[in-house]
Structures are given as C-alpha cells and as structure tokens.
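Okay, structure first, notes after.
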Amino acid sequence: MKEHIRKRKIMAVTLTGSLANFLLLVFKFVAGVLGHSSAMIADAVHSLSDFVTDVIVLLFINISSKPKDEGHDYGHGKYETLATTIIGIVLMCVGAGLFWDGANKVFGFYFGGEQLESPGKIALIAAIISILIKETLYRLTLYVGKKKIARLLSRMPGIIVRMLFLLSGRRWVLEEPSS
C-alpha cells in the first residue's frame, strides 16, 4: 500500500511538472524568437529536456513500482536506476548541443565578424517568469518529497547568476552565446 501512495505522489508531481515544462518551453521559445535572444531559445531547449525527462519518469515509475514476480526476485526497482541513467544521457546531449551552439556563435562573433542582436525585454520578462515557475515547481517537489534544504542551496548559484545576467542590461549581449 505504501508503494501505491508513493507512486501516486510521484505521478502527481511529475504530471504537474511536465505540464509546466511544456508550457514553459513554448513560452520561452516564442519569447526567444520575438526577443531575439538565443539564450532564451537555449533555455527553451532546456525546458524541452525537462519535459522529456518528465515523460521518462512517468514511463518508468509504472515499471519500477511493480512488485516482485517470478523473473524479478527483488522487484522492479532497478528500473529507476535505468531511468536515471537515460535522463543523465539526455541532459548530457542537450548540454553538449547548447555548448556547441554557443561556441559557434562566439566563434562567429569574434572571428567571423557576425553581429549579435540585442535581446528584447520580452526575453527578460520570460526569464523572470521562468524562474518563478521553476521555483514553485521545486517547492512543490520539496513539499511532496520532504527533501532536505541542501537541494535548494545547490540551486541558488544558478538563480543568482541568472538574475545578475539579466540585470546587467545591454552588456549581456556578449555573454549570451555561451549560455
């Protein structure tokens, strides 16, 4: 019975997160295109990877919560490890792709003479909304999972860097391709 409650909680939080991540990916992509912000488009790709990992969690939670049977003497819990591995590979691929795109833009700017467009205010607004939604999702996960405060502290440097990045105004156009 306890496993059923755990599964239900994971499903509820993950479904909420997947819906939010899908809406964020569409919102960030539109804001990135309209605001001429490659950083916001890269953040939309990151939200896409979050959405994909949510789908992986939803698929594997059903498998991993099955009780032991004839072929699985210790149950199906190892599938959680497989899901985590797949999620890690997806995130590595997304990170490599974002790095490649940013490196190409920096190379084009410094060595090819290409100009970078200055992002519009919609990109800043989208970033702030994104931070607020992601923080809310984190708090929901924290509440449901009763996680320790260390996870929040591990996210603070990223939040601080984003805020400083966004508040720096027009100067941030040179840093944008590497994000």
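The values are calculated or read from the model by the stated rules, or taken from the named source; none is laboratory data. These figures come from a predicted structure and were not determined experimentally. Cβ: placed from backbone, ideal geometry, glycine included. Neighbour counts: every protein chain shown.
Comparison of Phe29, Phe60 shows that the only residue that is of a type in the set (A, V, I, L, M, F, W, C) and under 27 Å from Ala127 (Cα atoms) is Phe29. Based on what the data block shows, is Arg162 surrounded by 15 or more Cβ atoms within 10 Å (Cβ to Cβ), closer than 18 Å to Asp50 by Cβ and modelled with pLDDT under 75? Yes; evaluated as a whole, the condition is true for this residue. Exactly one residue among Ile63, Ile56 is out of contact with any Lys or Arg (no Cβ under 8 Å at 6 or more places or on another chain), at pLDDT below 80, part of a helix (DSSP H, G or I) and of a type outside the set (D, E, K, R), and that residue is Ile63. Annotation note: of Ser130, Ser118, the sole residue that is part of a loop (DSSP other than H, G, I, E, B), small (Gly, Ala, Ser) and touching a residue at least 60 places away in the same chain (Cβ under 8 Å) is Ser118.
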